[in-house]
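The values are calculated or read from the model by the stated rules, or taken from the named source; none is laboratory data. Please read all numbers here as calculations on a predicted model, not as lab measurements. For neighbour counting, all protein chains shown are included, and Cβ atoms are generated from backbone atoms with ideal geometry for every residue, glycine included.
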Amino acid sequence: MSYRDPQLLDYHADSAPTNRRRLFKALQRLSANSQSYPTCFSLNDLARERLVAGGSFSDVYSGYLRGQSVAVKMMRVFDGTDVDEVLKEFGKEAIIWRQLCHPNVLPFYGLYTFLGRLCLVSPWMENGHIRGYLKRETYDTDQLLSFVLDIALGLEYLHAEGIIHGDLKGDNIFVTPSRKACIADFGLSSIITSMSSVRFTRSSKAERGGTARYQAPELHDGGVNSHCSDIYGFACAVYELLTGTAPFPEIKIDTAVAMAVLRGERPARPPSCCGTPALDGLWSLIEDCWQQAPESRPTASQVVERLQGGDIAATETNPNTRDWDEEFTSRFRRQLHPFFVPSVAEFDRVISTTGQFIRVYCQVLATYQLWP
């Protein structure tokens with residue numbers, strides 16, 4: 001059974017925040033109980049253009065959707081059963097992602113399936129990921145610090161919304177048309193982990209979503225992603241911006257990196273982070289962010305505060321310029337999914353065939369006081 005309720009949030013962006021939060025919770029609970037996801041997340045008329053990148057768990061294509069340039073991340077799921085299993089885990093994240101709106105967080109437009117493969121669709125970023133951008137372009141310390149602050153602001157927003165990124169690195173940070181840094185693929189590690197669990201159900205151990213060289217020590221020791229592990233990943237991503245390489249470039253094997261991290265070893269301070277009070281302050285922040293004990297690391301809000309104050313004094317990139325806003329993203333989604341009013345016959349069919357689903361829905365609405 002599928003449902004369209006997230007469209008109500010698109011159409012009523014000016015509704016009371018309390019009501020929107022209640023509806024978020026209701027939809028998340030509904031998705032979990034029904035093991036389904038909203039049909040309004042499914043996109044039609046999407047045209048793939050060319051393959052631009054590939055990895056262990058996905059391929060990225062450029063494409064067009066109603067005249068809009070989009071990126072299509074095709075997850076490497078190999079049959080319909082896998083898709084169904086992943087979607088059960090994905091519904092909650094998709095509901096949250098769809099409503100996020102922040103200058104430093106890449107919007108999520110919806111889902112698409114192609115030849116049995118689940119695809120995530122988001123705006124196309126012509127400037128590419130930040131690591132490649134910094135290799136191509138000329139920049140100074142102030143611009144670099146602005147990018148670091150952009151990333152921290154995006155992470156602060158995600159954490160405030162209760163979202164753990166789980167795989168923060170240069171490949172998942174893009175540069176917008178106005179030259180801001182923005183975070184993408186937040187929460188994707190949970191889908192990767194779910195896909196791994198589906199494939200390796202008979203194995204004693206499934207692969208974990210995330211990239212080993214950016215993972216906190218507790219993750220190498222059987223722990224789970226958290227806000228604290230995201231802060232460790234943030235430190236590693238900043239190190240990558242400073243050096244153009246992933247952490248521990250001198251160690252060729254990921255398992256050896258994991259062992260070094262568990263021993264408390266960290267990358268050495270690079271020459272590119274020396275010479276000024278601002279860079280001294282940045283390196284001190286990096287060291288605090290990748291502390292061995294999770295509870296010793298600062299929060300995302302504390303990271304933002306330190307970046308904006310003291311000797312670092314970083315400023316946002318083009319704070320008065322917006323690449324997207326809630327009105328635009330909601331309007332574009334409404335263009336993709338015109339508001340739908342079911343016919344009487346469709347209501348009858350839903351009621352007659354999905355009594356249990358309706359009962360669950362009513363229970364969720366009552367729980368969050370959305371239904372008197």
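Are there any pairs with C-beta distances below 6 angstrom linking a residue in the range 226-241 that is within 13 Å of P270 (Cα to Cα) to a residue that is assigned to a helix (DSSP H, G or I), with the two at least 6 apart or on different chains, and if so which?
C236/Y214; V238/V148; V238/I286; E240/G170
Considering the range 305-324 alone, what residues qualify as being over 22 Å from the mean Cα position of the chain (by Cα), charged (D, E, K, R) and farther than 18 Å from I231 by Cα?
D311 - this is the single residue of the range 305-324 that is over 22 Å from the mean Cα position of the chain (by Cα), charged (D, E, K, R) and farther than 18 Å from I231 by Cα.
Is it the case, given these coordinates, that D348 is at pLDDT below 95, of a type outside the set (S, T, Y) and surrounded by 13 or more Cβ atoms within 10 Å (Cβ to Cβ)?
Considered against the rule, which asks whether it is at pLDDT below 95, of a type outside the set (S, T, Y) and surrounded by 13 or more Cβ atoms within 10 Å (Cβ to Cβ), D348 comes out as no.
Exactly one condition in (1) over 12 Å from the mean Cα position of the chain (by Cα); (2) free of Cβ contacts under 8 Å to residues at least 60 places away in the same chain; (3) closer than 14 Å to V105 by Cβ is not met by T176; state its number.
Only one criterion is unmet by T176, namely (2).
Got a sec? Which of L158, L168, L144 is modelled with pLDDT of 90 or more and out of contact with any strand residue (DSSP E or B) (no Cβ under 9 Å at 6 or more places or on another chain)?
L144
Restricting attention to the range 273-287, does a residue exist that is within 21 Å of D171 (Cα to Cα), at pLDDT below 95 and surrounded by fewer than 19 Cβ atoms within 10 Å (Cβ to Cβ)?
No: zero hits.
Could you list all residues from the range 280-303 that are of a type outside the set (F, W, Y) and within 20 Å of P249 (Cβ to Cβ)?
Of everything in the range 280-303, those that are of a type outside the set (F, W, Y) and within 20 Å of P249 (Cβ to Cβ) turn out to be L282, I286, E287, C289.
Just to verify a result, which residue in the range 221-245, among those that are at pLDDT below 95 and within 19 Å of R263 (Cβ to Cβ), is nearest to the chain's Cα centre (by Cα)?
Here the answer is G223.
Would you point out which residue out of L158, L149, L144, L120 is more than 25 Å from S226 (Cα to Cα) and not in a loop (DSSP other than H, G, I, E, B)?
Selected residue: L144, the only one of L158, L149, L144, L120 that is more than 25 Å from S226 (Cα to Cα) and not in a loop (DSSP other than H, G, I, E, B).
Okay, residues lined up against (1) outside any loop (DSSP other than H, G, I, E, B); (2) at pLDDT below 90:
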residue: S178; (1), (2): no, no
residue: S194; (1), (2): yes, yes
residue: K205; (1), (2): no, yes
residue: R213; (1), (2): yes, no
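If we scan the range 148-156, do we find a residue that is of a type in the set (A, V, I, L, M), closer than 25 Å to R213 by Cβ, under 16 Å from the mean Cα position of the chain (by Cα) and surrounded by fewer than 22 Cβ atoms within 10 Å (Cβ to Cβ)?
No, the range 148-156 has no match at all.
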